[in-house]
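Peer 1: Questions regarding the structure given below will be posed in turn.
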Amino acid sequence: MPVLRRTNAPADEPPEYAVWRPTRPPSTWVARLSSWRRRWPPARLARMAAAVLVSTVVIVRTTNEDPGPPAETVEVFVAVEPRPAGHVLGPDDVQRVHYPAVLAPTSATGEPVGRVLLTSIGVGEIVAETRLLATDLAPDRRVVRLAAHVETPILRPGDRVDVVGVRLDGFGAIERRRIVVDATVLEVADDDRGPSLVVGPDEDLEIAEWIATGTLSVTRRP
């Protein structure tokens, strides 16, 4: 415990006392070594050394590895803007880009300008042959969308179909007629809209007339 210890004061002055605390004896190198070994046991040092060695080998191997030849690329066309089904692609709708050959679809098309989209397409999507009509949309062809209540089978873009109309004639008899023959399904909407079809000359007018006076149904061609 602390004790009072007299200081060296002159004879004509009263003695002064100060608090004296005993000091710890200096640590020897043996004690310091023991403390260091307790904090860093040999097993821990071995694990750390092994981890550093493995990391060094990986870094050296990665740095020295030959990257090899660059990946092969192919030219594809991608959409610059979103476009709906039935749209005739123009020069400003697509852009030629380089794409990794291993990722490019096998159906990637050549020059798509002037071709008709079979399905809607988004920005950056590859214009593949499966997204286009097999033939260009002739000037006399029209794109029509049927109403949602028109009876249709399960369709896919590219299917060939007929449209049959049924109505009552002026004498009350049932009239049934195939008003569209060999139309191409352009798009099958995933909402409450009916499919869109590519029809021939004046067939769009026939569809409009029969919708107003009767009912329509779609049948898939064999």
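Peer 1: Have a look at 81, 151 and point out the one that is modelled with pLDDT of 80 or more, charged (D, E, K, R), surrounded by 11 or more Cβ atoms within 10 Å (Cβ to Cβ) and more than 26 Å from residue 209 (Cα to Cα). Explain how you work it out, then say what you get.
Peer 2: Values: 151 fails: more than 26 Å from residue 209 (Cα to Cα).
So the residue among 81, 151 that is modelled with pLDDT of 80 or more, charged (D, E, K, R), surrounded by 11 or more Cβ atoms within 10 Å (Cβ to Cβ) and more than 26 Å from residue 209 (Cα to Cα) is 81.
Peer 1: Got a number for residues in the range 116-149 being out of contact with any helix residue (DSSP H, G or I) (no Cβ under 8 Å at 6 or more places or on another chain) and of a type in the set (A, V, I, L, M, F, W, C)?
Peer 2: So the answer is 12.
Peer 1: Mind telling me which of the residues 163, 185, 199 ends up being open to solvent by less than 40 Å² (accessible area, probe 1.4 Å), within 42 Å of the chain's Cα centre (by Cα), under 10 Å from residue 218 (Cα atoms) and in contact (Cβ under 8 Å) with a residue 12 or more places away in the chain?
Peer 2: Details: 185 fails: under 10 Å from residue 218 (Cα atoms); 199 fails: under 10 Å from residue 218 (Cα atoms).
Just one listed residue meets the conditions, 163.
Peer 1: Within the range 76-128, which residues are without any contact (Cβ under 8 Å) to a residue 60 or more places away in the chain, touching a Gly at 6+ places or on another chain (Cβ under 7 Å) and among the β-branched types (Val, Ile, Thr)?
Peer 2: Once the filter is applied, which keeps residues that are without any contact (Cβ under 8 Å) to a residue 60 or more places away in the chain, touching a Gly at 6+ places or on another chain (Cβ under 7 Å) and among the β-branched types (Val, Ile, Thr), the range 76-128 yields 78, 88, 113.
Peer 1: A follow-up question, please. I'd like the full set of residues that are closer than 12 Å to residue 78 by Cα, open to solvent by 20 Å² or more (accessible area, probe 1.4 Å) and hydroxyl-bearing (Ser, Thr, Tyr), limited to the range 93-132.
Peer 2: Within the range 93-132, 99 is the sole residue that qualifies.
Peer 1: Then there is this: Among the numbered criteria (1) at pLDDT 90 or above; (2) within 17 Å of residue 143 (Cα to Cα), which single criterion is violated by residue 178?
Peer 2: Here residue 178 clears every test but (2).
The values are calculated or read from the model by the stated rules, or taken from the named source; none is laboratory data. Computed from a predicted model, the values in this text were never measured in an experiment. Positions of Cβ are generated from backbone atoms using ideal geometry, with glycine treated the same way; all protein chains shown enter the neighbour counts. Each accessible area value is taken on the protein alone, full model and side chains, heavy atoms only, with ligands, DNA and RNA left out. Shrake-Rupley method; radii C 1.70, N 1.55, O 1.52, S 1.80 Å.
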